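To keep things clear, I will list the structure first and then write my remarks on it.
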Amino acid sequence: MTSPGDDEAQQALLLRRGFALEYGTLFWNVAGIVVLGIAAVSARSVALAGFGLDSLIEIGASAVVLWELSGTGPERQRLGLRLIGYAFAALAAYLLVQSSVVLATGYHPRHSALGIVWTAVTAAAMFALAAGKVRTGHALGNPVLRTEGRVTMIDGILAAAVLLGLILNAALGWWWADPAAGYVLVFYAAREVREIFF
């Protein structure tokens, strides 16, 4: 049987872990905007530019969770969830437009070794961070942290999709693979919006 003091210590540990996961995500995505900006300009890659926008959305989602963790309450959690839902909706809309424009215009990006390396490492980092957020959010009973864990998971999926598109473009000249993968991500993001708002 645990004492109230043990429960409080466990909650404090989980809260510190939640903050650490969010700060890790925040700093990774800030660095990612710089790396992706360089890679996108040098390769003229719409996909890499789009992934940079996704990093901005992830920064916003992390900021929401850090704000929510600093003063948890039902009203703050509801607002936090709505803000994350809006970030998902913005991501879905952007990916839908971006993928459609790239396919319609037949835009062919250059190859990007930097983009391939960064998206590969980012995918692994985001999957690990997402798993930690979901576990910690469940243990804390915090739906905002759990939901933002799904945002981070989608960020990892998007990194993997962009990576696949970059590899297929570099190896086989399949320029359309990246925008096609974007449509899959639109589905995931739209599903999260539906779960948050409906």
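The values are calculated or read from the model by the stated rules, or taken from the named source; none is laboratory data. Bear in mind that the values here come from a model prediction, so they are computed numbers and not experimental data. Don't worry about glycine lacking a Cβ; one is built from the backbone with ideal geometry, like all the others, and counts go over all protein chains shown. Ligands, DNA and RNA are excluded from the accessible area calculation, which covers all protein heavy atoms including side chains. Shrake-Rupley method; radii C 1.70, N 1.55, O 1.52, S 1.80 Å.
Modelled this way, with points 7 Å down the Cα-to-C-beta line, the labels at ILE33 and PHE197 are 2.5 nm from one another. If I compute solvent accessible area with a 1.4 Å probe over the protein chains, what percent of it on the chain is carbon and sulfur? Roughly 71 percent of what the probe reaches on the chain is carbon or sulfur. In the complete set of protein chains, residue-level accessible area for ARG44 is approximately 140 Å², probe 1.4 angstrom. Hydrodynamic radius of the range 53-198 by the Kirkwood approach over all distinct alpha-carbon pairs: 15.9 Å.
VAL193 contributes about 30 Å² of solvent-accessible surface, heavy atoms of the protein only, 1.4 Å probe. Model label points for ALA128 and ALA89, set 7 angstrom from Cα along the Cα-to-Cβ axis, are 3.5 nm apart. Each 10 Å bin from zero up to the one holding the largest Cα-Cα distance in the range 62-119 carries the following percent of pairs: 19, 26, 27, 20, 9. Computed from the alpha carbon positions, the gyration tensor of the range 1-96 leads to an equivalent ellipsoid with semi-axes of 34, 16, 8 Å, biggest first. Probing with 1.4 Å while keeping every protein chain in the model, the per residue accessible area of the chain equals 47 Å².
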